[in-house]
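Here the structure comes first, spelled out in structure tokens, and everything after it is commentary.
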Amino acid sequence: MNMDKTIINLPVYRETRFRNPSPYERQVGFWVDRIGSDQKIHTSVPGLRILGQYAVVAVDSGEGMFITKNKGIYNVKSGDVLLLMPDEPTAYYPHKTWFTRWIVWNGLAARKQAEALDFGIQKPFFCQAADVVRSAFFDLVKLMELEDRAAVLERQAVMLNMLAGLVRAEHSAIFPGGANMNLEVVVKYIRRHLDSRLAPAELAELCHLSVPHFRRMFRRYTGRSPMEFILAERISGAKSLLIRGASIKQAAQEMGFADQFYFMRVFKKIAGQTAGQFIAANRR
């Protein structure tokens, strides 16, 4: 019997438990549905669940399996954090026994954050990030029974802090040791040489990577391609110059733009306003 195929082909059912968010939570677009913890022993898997919301499950102790319909089957251990996406059928269970702690949340803002962060793209769990979820869990314990607007915003703040912690954990897993340091060297080099031509081959050589591999790693490290990052840094530097009284032509030249009109197009695209509008709004 092919165990993997048998598990993946389990029946799929939908979660039916949902907390009704308040009108203010819907307006904000972000709410915590529920939190909880449990100790379980190994049992049969009845099926794959579509949660319909976002959730993290921290494995505080024990080891087990995490099954996803579309991404496969993973062994997880104490300290790992499972990520449940709204439309992905999943199941998880211990090999023998484990203790888990979970947080479920939802909302339009939650969806946009997940899309922006590319959660679950590489793999649907975070290695050794349970402390991040545990900290958020205990902060939420004090807030879950409160329904005033301040509590709604405080719960959101806790969750945003947790998401930031998970992003850092994922970042550390992708860029351990030397790779992380080399890419930081490239970022610093770019910022010191914004007025120069910066070729991908030159930057790739700094961290001893091929150009295609460097581009992939750099995008995962910064969230942007090398050229997108360089242009954004140049426009940021140009803004500082314009605020201090430089002309548009001077700012363009000092930030490495040989063509003033190209600079103005890039400025509007990145800043969302023309350089002239930026000067008028900020020099006052």
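Nothing in this text is a laboratory measurement; each read-out follows from the coordinates by a stated rule. As the structure is a prediction and not an experimental result, all values here were calculated from the model. Cβ coordinates were reconstructed from backbone atoms using ideal geometry, including for glycine residues, and neighbour counts include every protein chain displayed.
Worth pointing out:
- Which of C207, C127 has the fewest Cβ neighbours within 10 Å, and the rest in rising order: C127, C207
- Ascending count of other beta-carbon atoms within 10 Å, so fewest first, for V141, V104: V141, V104
- Taking amide hydrogens as placed 1.01 Å from N in the peptide plane, the amide H of V45 sits under 5 Å from that of no residue at least 5 positions away in sequence or on another chain.
- Compactness index (Cα Rg / 2.2 N^0.38 Å), the range 178-282: 1.14
- Ordering Y92, Y13 from the fewest to the most neighbouring beta carbons within 10 Å gives Y13, Y92.
- Computed FRET value (nearest 0.05) for E115 with K249, which takes r as the C-beta separation and R₀ as 25 Å: 0.05
- For the range 3-174, size of Cβ-based charge dipole, Lys and Arg +1, Asp and Glu -1, in debye: 320
- Nearest-0.05 FRET efficiency for E154 and V185, computed from C-beta distance (R0 45 Å): 0.70
- Loop-located trypsin sites (Lys or Arg not before Pro) in the range 1-95 (DSSP state other than H, G, I, E, B) with a sparse environment of at most 15 neighbouring Cβ atoms within 10 Å: R17, R19, K77.
- The label-point distance for A232 and V141, in a model that sets each label 7 Å from Cα toward Cβ, rounds to 3.8 nm.
- At least 24 Å along the helix axis (C-alpha) and Kyte average at least 0.0, DSSP helices within the chain: 149-174, 226-243
- The convex hull drawn around the Cα atoms of the range 87-244, when projected onto a plane and averaged over every direction, covers 13.9 nm².
- Note, ³J(HN,Hα) from phi for the range 97-105, Karplus 6.51, -1.76, 1.60, rounded to Hz, x at Gly and Pro: 8, 8, 10, 10, 9, 9, 9, 10, 9
- Kirkwood Rh (inverse of mean 1/r, distinct Cα pairs), the range 3-174, angstrom: 16.4
- Net charge in the neighbourhood of D38 (other residues with Cβ under 13 Å of its Cβ; Lys, Arg +1, Asp, Glu -1) is +2.
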